[in-house]
Amino acid sequence: MLAAAILTVALVVQDQAPLRASPQDAAPRQATLWQGEWLEVRGERQGFLQVYDHRRERPGYIRQQQVRVYPLDETSVPQLQAVVDFLRDTPGAEALGIGYTAALLRAANSSQVGPELFDAMGTLAERLAKRASSRKSNDEALAAHLDVASSYGVKLLTIEQEGRTRLCYDGEAFRRVLGLGGSPEARLRAALALTRPECIDPALLQVERQALDEWRAAVLEQVDTAQLPAWQANRLHLRRAEVYAALAYQWARRGEAQRGARASERSVEELARVLKSELAEEDRSAYAVAAVRVAASRWASVPAPEQPGSSPGLELTQGKPGETCLRLVDAKTPGTSLAAHCTYGLVWPSSIRRSPQGTVVTVAVQLLEGWTELWVFHQEGDGWLLDALSPATMDPGVGYVELAGFTPDGSRVLVAREALVEGKVKSSFQVLKRETLLPEKTAERPDDSGTFKRWSTADWRSRTLAVR
């Protein structure tokens, strides 16, 4: 009797559908039902279905037009599959789609359950999480739809970021897609969903974050770009570029310079593989962000230049655990320290540059995975000053500054800045006065400033990612 009772189910297709105490519209409301909820059908009376709500452990009646009834056996598979195919691409119907997909998984036999069903479940869960995390959401049914999804075992994780809460799907269905071997497009969706950077908990410890990024890289390697259209392959290249850029920083910080260099080279290579002519409009912002992240740890794979014996030189020594100390010394008077400073940031020796007159020495210091500053030692009178140029006037996030050259008289310093500000990458190419390091000229493109265009070095132009 129990097996026969669970064979026929009613899926609620309308929001705020009342579950009545008796088969009458005026009967007391036992519960309010939402799209995607699943009821056991036990009979029919006076245009109502007699049902049992297992979630609330409550019997009742519901109008027939507010539900769709299916026997949970193989005869329902074609109908359920058709509805799932439609709902997976219907915004706002995520809870209903999850309910249909769950019913389909119950109705189908084992040979009919393939990666495409889990792809649909993952796609719906992922979209529901994005809908719940939207800053513009004013969706009255959202909380109820989240409860419906949860009743089917869909887990949405809560991530606290920048004073707000973001919901992220835990990715169980997408893991099954990769395990079962779906289509190239399905595997791409799964890999991208499992490696979303915005769903990384910012409270992770450094060791945990590195382990996560290594896992993300392994997930992305499971997708073959050769079987994807160019515009979809671009998305995979962009995500790989971001992940390997993060690993370049983490490995270098742990003292694994060679692994860091290889990761940096790989991040640059992945970024270079992006076909800009095939870049989808919605991916242009992601392309700019990926370029900034790659540029932030680009120095990991740049060989250190030869150090001349004259002019001030910069010595790096280990300070306290995890600390690097910089000391500006004059090669003509060994043992003399012109300026010194210690930092817990990652100092890139290959980035050290001097002006022709020896009055300015610069070095890149990466403070965070995606944030690199330019530290400038500059001579004023008989002394030396140290100033840090940040990518933007904001809390450290995603951005970098790099030296582009000097004017021939050494009175001006050329720098390129890029930073993610309010969701958009802002680029600036500046000519700074050496004394104050304040901008004398600022342009959005290097060729828009005559001084910058004339004196930016071939060394900078050959390796920068700011010109793309």
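The values are calculated or read from the model by the stated rules, or taken from the named source; none is laboratory data. This is a predicted model, so every value here is computed, not measured. We place every Cβ from the backbone using ideal geometry, glycine too, and count neighbours over all the protein chains shown. Areas reflect the complete protein model, heavy atoms only, side chains present, ligands, DNA and RNA absent. Shrake-Rupley method; radii C 1.70, N 1.55, O 1.52, S 1.80 Å.
Helix-only mean residue ellipticity at 222 nm, the chain, DSSP H runs n ≥ 4 weighted -39,500 (n - 2.57), per residue, nearest 500. What is it?
-10500 deg cm²/dmol
Per residue, how much accessible area does region 283-372 show when a 1.4 Å probe rolls over the protein heavy atoms, in square angstrom?
Using a 1.4 Å probe on heavy atoms only, each residue of region 283-372 averages 43 Å².
Kindly report the accessible area of region 50-131 per residue (heavy atoms of protein chains, probe 1.4 Å, no ligands, DNA or RNA), in Å².
43
Ignoring ligands, DNA and RNA, what accessible area per residue does region 386-462 give at 1.4 Å, in Å²?
50
Loop-only GluC sites (Glu not before Pro) in region 111-196, please: DSSP not H, G, I, E or B, and at most 15 other Cβ atoms within 10 Å.
Within region 111-196, the qualifying GluC sites (Glu not before Pro) (loop, at most 15 other Cβ atoms within 10 Å) are Glu140, Glu162.
With the cut-off at 35 Å, report for the chain the share of all Cα pairs above it, as a whole percent.
Pairs farther apart than 35 Å: 46 percent.
Once the cut-off is 22 Å, how many percent of the Cα-Cα pairs in region 165-305 end up in the long-distance tail?
Summing the P(r) tail past 22 Å for region 165-305 gives 39 percent.
Hey, got the dipole for region 1-114? About the Cα centre, +1 on K and R Cβ, -1 on D and E Cβ, debye to the nearest 20?
Taking the Cα centre of region 1-114 as origin, the dipole is about 360 debye.
Going through region 142-231, which trypsin sites (Lys or Arg not before Pro) have at most 13 other Cβ atoms within 10 Å and a DSSP loop state?
Qualifying residues, ordered by number: Lys155.
Roughly how many percent of the accessible protein surface of region 33-139 is carbon and sulfur, given a 1.4 Å probe and a whole-percent answer?
47
Give the dimensionless ratio obtained when the Cα radius of gyration of region 296-413 is divided by 2.2 N^0.38 Å.
Relative to the rule-of-thumb radius for its length, region 296-413 sits at 1.04.
Could you name the aspartates and glutamates whose alpha carbon sits less than 15 Å from that of Lys332, not counting residues in the same chain fewer than 8 places away?
Glu315
Taking amide H positions as placed in the peptide plane 1.01 Å from N, state which residues far from Glu44 in sequence (5 or more) or on other chains have amide H under 5 Å from it.
Gln50
Of the trypsin sites (Lys or Arg not before Pro) in region 314-405, which ones lie in a loop per DSSP and count no more than 16 other C-beta atoms within 10 Å?
Within region 314-405, the qualifying trypsin sites (Lys or Arg not before Pro) (loop, at most 16 other Cβ atoms within 10 Å) are Lys332.
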